[in-house]
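Comments concern the structure below.
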Amino acid sequence: MAVERPRRLGSAAPKTTGRTVRAAPGTTLAGRSDVGPIVSSAHLAAGALPGLSEVEFGLSLAVHAFHRWMIRCMAAAGVPDLSPIEILVLHSVRHRERPKKLADLCLVLGIEDTHVITYAVKKLVAAGLVISTKAGKEKLIAATVVGAAACDRYHAIRERLLVHGVNSTGLPDPTLSELGSLLRALSGHYDQAARAAASL
């Protein structure tokens, strides 16, 4: 009975059968998943730019997470029951320690409906966080001492809980700045598309 001798190191490898090796369904030969873009609406991703659908899905998740975070952080800072819009208005009013016009708040925050900002300001005034004054025909909004203190506590909690966590991921600050710039640029495209859609 013939015994097969072990192949020595450096000797030629045995010939292959010539058959094609196929990856398992749903994977590539490199072991990566081949399920397509990660989206919530495959029918929208089935177009010329599926990556945009991935951005929209990620943006949707990020927006809801950001809103939850703002509410919880402001509550931890001692000011519960504020909506995300009201918190954004408070921080915008405190920005650079200058009073803000209602029109400027709408412009900076990208909110077309002035009633949304007006209602938010009324609630913040009632809570003693901002004051509303008149300068001619213009209404100016400024943060009170109580409002500024709430923003400072929010900042301290944000640094400890959010910034520390994001910083530990290793994402450099310039990369985050580029991401912010890209999102602002994309918002311009969505605004332009919205104006075009309104004219249809």
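The values are calculated or read from the model by the stated rules, or taken from the named source; none is laboratory data. Just so it is clear, the structure is predicted and the values come from calculations on it, not from any experiment. Neighbour counts run over all protein chains shown; Cβ positions are idealised from the backbone, glycine included.
Which of (1) touching a residue at least 24 places away in the same chain (Cβ under 8 Å); (2) at positive phi does residue 143 not meet, given it meets every other one?
For residue 143, the exception is condition (2).
Does residue 44 satisfy the criteria of being part of a helix (DSSP H, G or I), at pLDDT below 95 and aliphatic (A, V, I, L, M)? Lay out the reasoning, then the answer.
Numbers: part of a helix (DSSP H, G or I): yes; at pLDDT below 95: yes; aliphatic (A, V, I, L, M): yes.
Considered against the rule, which asks whether it is part of a helix (DSSP H, G or I), at pLDDT below 95 and aliphatic (A, V, I, L, M), residue 44 comes out as yes.
How about the stretch 119-134: which of its residues are more than 18 Å from residue 151 (Cβ to Cβ) and either among the hydrophobic types (A, V, I, L, M, F, W, C) or assigned to a helix (DSSP H, G or I) (or both)?
Pass one, the stretch 119-134, residues more than 18 Å from residue 151 (Cβ to Cβ): 119, 122, 133-134.
Correct list: 119, 122.
Which members of the stretch 72-83 meet the condition of being crowded, with 17+ Cβ neighbours inside 10 Å and in a helix (DSSP H, G or I)? Before the answer, list the steps.
Going through the stretch 72-83, the residues crowded, with 17+ Cβ neighbours inside 10 Å turn out to be 73-74, 77, 79, 82.
Passing the criteria: 73, 74.
Give the stretch 89-108 a look and list any residue that's closer than 17 Å to residue 130 by Cα, of a type in the set (A, V, I, L, M, F, W, C) and surrounded by fewer than 20 Cβ atoms within 10 Å (Cβ to Cβ), or say none.
Going residue by residue through the stretch 89-108, those that are closer than 17 Å to residue 130 by Cα are 89-106.
Filter once more, so that each one left must be of a type in the set (A, V, I, L, M, F, W, C): 89-90, 93, 102-103, 105-106.
Within the stretch 89-108, 102, 103, 106 qualify.
Name the residue that is farthest from residue 84 (Cα to Cα), counting only residues in the stretch 120-137 that are of a type outside the set (A, V, I, L, M, F, W, C) and more than 30 Å from the chain's Cα centre (by Cα).
Result: 136.
Select from the stretch 47-61 the residues that are in a helix (DSSP H, G or I), farther than 17 Å from residue 185 by Cα and hydrophobic (A, V, I, L, M, F, W, C) and list them in ascending order.
57, 61
Take the conditions touching a Lys or Arg at 6+ places or on another chain (Cβ under 8 Å), under 30 Å from residue 194 (Cα atoms) and surrounded by fewer than 14 Cβ atoms within 10 Å (Cβ to Cβ) and apply them to residue 138. Does it pass? Break it down stepwise before answering.
Working: touching a Lys or Arg at 6+ places or on another chain (Cβ under 8 Å): yes; under 30 Å from residue 194 (Cα atoms): yes; surrounded by fewer than 14 Cβ atoms within 10 Å (Cβ to Cβ): yes.
In short, yes.
Test of understanding: among 186, 162, 171, 176, which residue is surrounded by 11 or more Cβ atoms within 10 Å (Cβ to Cβ), closer than 18 Å to residue 71 by Cα and hydrophobic (A, V, I, L, M, F, W, C)? Step through it out loud before you land on a result.
Working: 186 fails: closer than 18 Å to residue 71 by Cα; 171 fails: closer than 18 Å to residue 71 by Cα; 176 fails: closer than 18 Å to residue 71 by Cα.
After ruling out the rest, the residue left standing is 162.
Here is a list of conditions, (1) farther than 25 Å from residue 184 by Cα; (2) part of a helix (DSSP H, G or I), and residue 86 meets all of them except one; can you say which number that is?
It is condition (1) that residue 86 fails.
Only one residue in 41, 53, 60 is under 20 Å from the mean Cα position of the chain (by Cα) and within 17 Å of residue 110 (Cβ to Cβ), so which one is that?
Result of the check over 41, 53, 60: 60.
Looking at (1) surrounded by 10 or more Cβ atoms within 10 Å (Cβ to Cβ); (2) within 27 Å of residue 182 (Cα to Cα); (3) modelled with pLDDT of 90 or more; (4) not polar (S, T, N, Q), can you tell me which one residue 37 breaks?
Residue 37 satisfies all of (1) surrounded by 10 or more Cβ atoms within 10 Å (Cβ to Cβ); (2) within 27 Å of residue 182 (Cα to Cα); (3) modelled with pLDDT of 90 or more; (4) not polar (S, T, N, Q) except (3).
Looking at residue 102, is it in contact with a helix residue (DSSP H, G or I) (Cβ under 9 Å, 6 or more places away or on another chain) and within 29 Å of residue 191 (Cα to Cα)?
Yes: the conditions hold for residue 102.
Within the stretch 115-141, how many residues are within 29 Å of residue 191 (Cβ to Cβ) and at pLDDT 95 or above? Lay out the reasoning, then the answer.
First, pick out the residues of the stretch 115-141 that are within 29 Å of residue 191 (Cβ to Cβ): 115-124, 130, 132, 137-141.
Among the residues that remain, those that are also at pLDDT 95 or above are: 115-124, 130, 132, 140-141.
Count: 14.
Taking the options 164, 155, name whichever one is closer than 21 Å to residue 80 by Cα and within 25 Å of the chain's Cα centre (by Cα).
Numbers: 164 fails: closer than 21 Å to residue 80 by Cα.
From the options 164, 155, the qualifying one is 155.
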